[in-house]
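Following: one structure in structure tokens, then a few remarks.
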Amino acid sequence: MLRLEGKSALVIGSATGIGRAVCLAFAAEGATVLAADHGLRDDKRTLLEAISSAGGRALACDCDVTKEADVRGAVEAAVAEFGRLDIMVNNAGIGLPMRSFVECDWEDWQRVFDVNLVGVAWGMKHALPYMLAQGYGRIVNTASQLAHKPAPGAAAYSASKAAVVALTTAVAMEVAERGVVVNSVCPGPTDTHTWRASDPDWRAWKASQLPIRRVGEPREIAPAYVYLASDEASYMIGQSISPNGGDVSW
Ligand code: NAD
């Protein structure tokens with residue numbers, strides 16, 4: 001028996017990196033996946049082919065999480081296609097070049113919150129009515145290790161991800177008794193576009209500080225999502241789990 005057999009999943013922020021690995025892991029565990037992203041163009045065909053070779057069935061749709069109508073549309077597309085929505089992953093996220101708080105560009109600051117926090121809130125807002133009506137759901141939001149261990153030079157990003165953790169826990173407590181389980185994943189440094197866009201010196205230093213002495217691969221992060229999306233997570237309410245190479249915060 002596969003761990004997500006018969007389940008339908010919507011993954012927003014799925015074109016590359018961690019979201020892509022999550023789609024593949026979900027498909028390998030038997031879920032049918034709607035992969036949504038604002039960047040699904042050239043990636044779309046290869047992502048669907050990869051999901052198909054992982055043994056799964058998948059569809060793709062465009063969705064910019066800074067547009068509420070897009071997020072609502074992605075949820076409605078999943079429900080229309082699958083008849084129900086069992087799992088939602090709110091993974092879309094952006095980083096910024098490392099810069100001190102006093103030098104930050106406020107348009108960038110706003111954009112980080114729009115994508116990383118408001119996009120997650122809209123995802124939950126539109127998925128929850130369906131999940132509450134069916135009395136079952138799993139929501140997994142992507143935060144970051146920086147939510148628990150903020151970094152100088154990344155104030156906006158750290159704050160946006162800490163807010164995702166708090167939002168996740170508050171919502172989880174509101175819906176737990178109605179069969180909907182909401183949690184977040186806080187990845188540590190992971191080799192993706194977002195990671196590679198950060199300052200090379202900082203990347204090298206960061207990797208050297210990790211007990212495991214290397215950054216993670218997206219496929220090493222995805223199993224946390226599989227667990228939180230599965231029936232096994234029925235008693236995990238409002239938690240954040242951190243696949244992070246030992247980058248502990250205390
Ligand atoms: P990535 O750049 O490969 O993936 C980010 C995905 O989000 C891309 O597919 C991108 O197209 C999508 N996206 C960005 N803005 C969007 C928007 N407005 N609407 C819809 N989709 C949008 O990087 P990643 O590292 O895989 O990032 C995935 C998540 O993991 C992000 O939330 C990121 O903040 C978080 N994260 C990454 C790391 C890391 O070290 N890589 C660590 C902690 C948390």
Segment 141-162, residues that are within 15 Å of VAL115 (Cα to Cα), within 11 Å of the ligand (Cβ to nearest atom) and surrounded by fewer than 24 Cβ atoms within 10 Å (Cβ to Cβ): SER158
Can you name the number of the only condition in (1) open to solvent by less than 20 Å² (accessible area, probe 1.4 Å); (2) away from the ligand (no atom under 11 Å from the Cβ); (3) out of contact with any strand residue (DSSP E or B) (no Cβ under 7 Å at 6 or more places or on another chain) that ASN183 fails? (3)
Could you list all residues from segment 111-125 that are more than 13 Å from the ligand (Cβ to nearest atom) and surrounded by fewer than 21 Cβ atoms within 10 Å (Cβ to Cβ)? ALA121, LYS125
If ARG138 passes every condition in (1) within 13 Å of the ligand (Cβ to nearest atom); (2) crowded, with 22+ Cβ neighbours inside 10 Å but one, which one does it miss? (1)
Output for Cβ contacts, cut-off 6 Å, separation at least six or different chains, first residue more than 24 Å from ILE94 (Cβ to Cβ) in segment 125-148, second in a loop (DSSP other than H, G, I, E, B) and away from the ligand (no atom under 16 Å from the Cβ), reads TYR130/LEU85; GLN134/ARG84; GLY135/GLY179; TYR136/GLY179
Taking interchain pairs and intrachain pairs at least six residues apart, which have beta carbon atoms under 7 angstrom, with the first residue in segment 20-49 and in contact (Cβ under 8 Å) with a residue 60 or more places away in the chain and the second within 9 Å of the ligand (Cβ to nearest atom) and open to solvent by 10 Å² or more (accessible area, probe 1.4 Å)? ARG20/PRO218; ALA21/PRO218; VAL22/ASN91
With the structure loaded, tell me whether ASP191 is under 30 Å from ASP105 (Cα atoms), open to solvent by 40 Å² or more (accessible area, probe 1.4 Å) and at pLDDT 95 or above or whether it fails that test. yes
Subset of segment 203-250 (residues that are open to solvent by 70 Å² or more (accessible area, probe 1.4 Å) and among the small types (Gly, Ala, Ser)): SER234
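Would you be able to tell me the number of residues in segment 63-93 that are hydrophobic (A, V, I, L, M, F, W, C), touching a helix residue (DSSP H, G or I) at 6+ places or on another chain (Cβ under 9 Å) and more than 13 Å from the ligand (Cβ to nearest atom)? Walk me through how you get there before you give the answer.
From segment 63-93, those hydrophobic (A, V, I, L, M, F, W, C) are 63, 65, 69, 71, 74-75, 77-80, 82, 85, 87-89, 92; that's our starting set.
Checking which are touching a helix residue (DSSP H, G or I) at 6+ places or on another chain (Cβ under 9 Å) leaves us with 63, 65, 71, 74-75, 78-79, 85, 87-89, 92.
Restricting the remaining residues to those that are more than 13 Å from the ligand (Cβ to nearest atom) gives 75, 78-79, 85, 87-88.
Result for segment 63-93: 6.
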Breaking point among (1) farther than 29 Å from LEU146 by Cβ; (2) within 18 Å of the chain's Cα centre (by Cα); (3) open to solvent by 50 Å² or more (accessible area, probe 1.4 Å), for SER53: (2)
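Among the listed residues THR168, THR192, which satisfies the condition of being among the polar types (S, T, N, Q) and in contact with a strand residue (DSSP E or B) (Cβ under 8 Å, 6 or more places away or on another chain)? Write out each step before concluding.
Details: THR192 fails: in contact with a strand residue (DSSP E or B) (Cβ under 8 Å, 6 or more places away or on another chain).
Going through THR168, THR192 in turn, just one is among the polar types (S, T, N, Q) and in contact with a strand residue (DSSP E or B) (Cβ under 8 Å, 6 or more places away or on another chain): THR168.
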Please find, within segment 23-38, the residue that is nearest to GLY6 (Cα to Cα) out of those that are open to solvent by less than 10 Å² (accessible area, probe 1.4 Å) and either within 14 Å of the ligand (Cβ to nearest atom) or in a strand (DSSP E or B) (or both). VAL33
Only residues that are within 19 Å of GLU217 (Cα to Cα) and in contact with a helix residue (DSSP H, G or I) (Cβ under 7 Å, 6 or more places away or on another chain): list them for segment 30-62, please. LEU47, ALA50, ILE51, ALA54
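The values are calculated or read from the model by the stated rules, or taken from the named source; none is laboratory data. For clarity, every value in this text was computed on a predicted model and none was experimentally measured. For neighbour counting, all protein chains shown are included, and Cβ atoms are generated from backbone atoms with ideal geometry for every residue, glycine included. Only protein heavy atoms, including side chains, enter the accessible area calculation; ligands, DNA and RNA are left aside. Shrake-Rupley method; radii C 1.70, N 1.55, O 1.52, S 1.80 Å.
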